[in-house]
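Q: A single structure is presented below for examination.
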Amino acid sequence: MTIDQIINLLNLDLSWEYAAMIQYIQHASLLTGPEYFAIINEELQHAQDEHEHAVRLTDKIQYLGGFPTVNVQEIKTSLSNVEMLRQDLQAEYDALHRYLQRIEQLEALKLYDVAQVIREIALVEQGHIIDLEKSLGIQKVR
Ligand SMILES: [Fe+2]
Ligand SMILES: [Fe+2]
């Protein structure tokens with residue numbers, strides 16, 4: 001792994017953050033029904049968190065000498081409340097998976113400072129996962 005490769009991967013993460021932010025804003029506007037009313041604000045809060053992640057990633061990409069991308073990955077949508085929440089949860093699982101890989105890769109390059117920022121972002125994604133699993137009624141007790 002080289003610095004150039006890690007910059008490319010951080011740009012990939014950034015393009016997924018932009019997609020997540022837009023997806024949450026759109027889903028918040030489409031969610032409907034009494035049992036989903038409280039989740040609308042949750043989704044808008046997630047959108048703000050993804051916005052902050054995008055800003056933090058652009059900072060680190062620039063710090064490493066990269067050129068922050070303006071690409072946006074594919075956004076998933078649906079007219080079904082449950083399907084939208086499932087799409088959001090899958091995106092969060094994917095994001096956490098990418099960030100856990102990124103922490104290892106950054107630490108292998110001794111970029112512990114950048115790795116720390118990714119660790120903080122990963123923790124927020126874990127919180128998003130918990131919110132969405134609860135919203136979907138996913139029972140995890142073994
Ligand atoms: Fe994020
Ligand atoms: Fe998230």
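Q: Among LEU14, LEU106, GLY137, pick out the residue whose Cα is farthest towards the positive end of the charge dipole of the chain, where Lys and Arg carry +1 and Asp and Glu carry -1 on C-beta, about the Cα centre.
A: LEU106
Q: Report the calculated FRET efficiency for SER29 and VAL141 (r = Cβ-Cβ distance, R0 = 41 Å), to the nearest 0.05.
A: Numbers: r = 34 Å, r/R0 = 0.82.
It comes out at approximately 0.75.
Q: What does the extension gain come out to for VAL72 and LYS134, with contour length at 0.36 nm per residue minus their alpha carbon separation? Walk me through the intermediate numbers first.
A: Working: separation 62, 0.36 × 62 = 22.32 nm, distance 2.77 nm.
My answer for the length gained is 19.5 nm.
Q: Taking 7 Å along the Cα-to-C-beta vector as the label spot, tell me the TYR93-MET1 distance in nanometres, rounded to one decimal.
A: For the pair TYR93/MET1, the computed spacing is 2.3 nm.
Q: Further question on the same structure: For a label point 7 Å from the Cα of LEU123 along Cα→C-beta, name the residues of the range 101-115 whose backbone N is under 16 Å from it.
A: Of the residues in the range 101-115, 103, 113-115 have backbone N under 16 Å from the label point off LEU123.
Q: If you don't mind, there's one more thing I want to ask. By per-residue mean of other Cβ atoms within 10 Å, what is the highest-first order of 25-32, 115-122? It would help to have the intermediate numbers written out before the result.
A: Working: 25-32: 16.5, 115-122: 18.2.
Per-residue mean Cβ counts within 10 Å order the peptides as 115-122, 25-32.
Q: What percentages, rounded to whole numbers, describe P(r) for the chain computed over all alpha carbon pairs with 10 Å bin width beginning at zero?
A: Once binned at 10 Å, the Cα pair distances of the chain give 12, 42, 29, 14, 3, 0.
Q: Moving on. Roughly speaking, what is the stretch gain from ILE22 to ARG86, that is 0.36 nm per residue apart minus the C-alpha to C-alpha distance, in nm to one decimal?
A: 21.5 nm
Q: Same structure again: Within a Cβ distance under 10 Å of GLY127, other residues only, what is the Lys/Arg minus Asp/Glu net charge? Don't skip to the end; give the middle numbers.
A: Details: positive: none; negative: ASP49, GLU92, GLU125, ASP131.
Every neighbour counted, the sum reads -4.
Q: Name the GluC sites (Glu not before Pro) in the range 1-107 that are in a loop by DSSP and that have at most 10 other C-beta atoms within 10 Å, would you? Walk me through the numbers on the way to the answer.
A: Details: sites: GLU17, GLU35, GLU42, GLU43, GLU50, GLU52, GLU74, GLU83, GLU92, GLU104, GLU107; in loops: GLU74.
Listed in order of number, the matching sites are GLU74.
Q: Cα to Cα, under 24 Å, and not fewer than 8 places away if on the same chain: which lysines meet these conditions relative to LYS134?
A: Within the straight-line limit of under 24 Å, LYS134 reaches these lysines: LYS76.
None of the figures in this text is laboratory data; all of them are computed from the coordinates on show. As the structure is a computational prediction, the values presented were derived from the model and not from experiment. Heads up, the Cβs are rebuilt from the backbone with ideal geometry, glycines too, and the neighbour counts pull from every protein chain shown.
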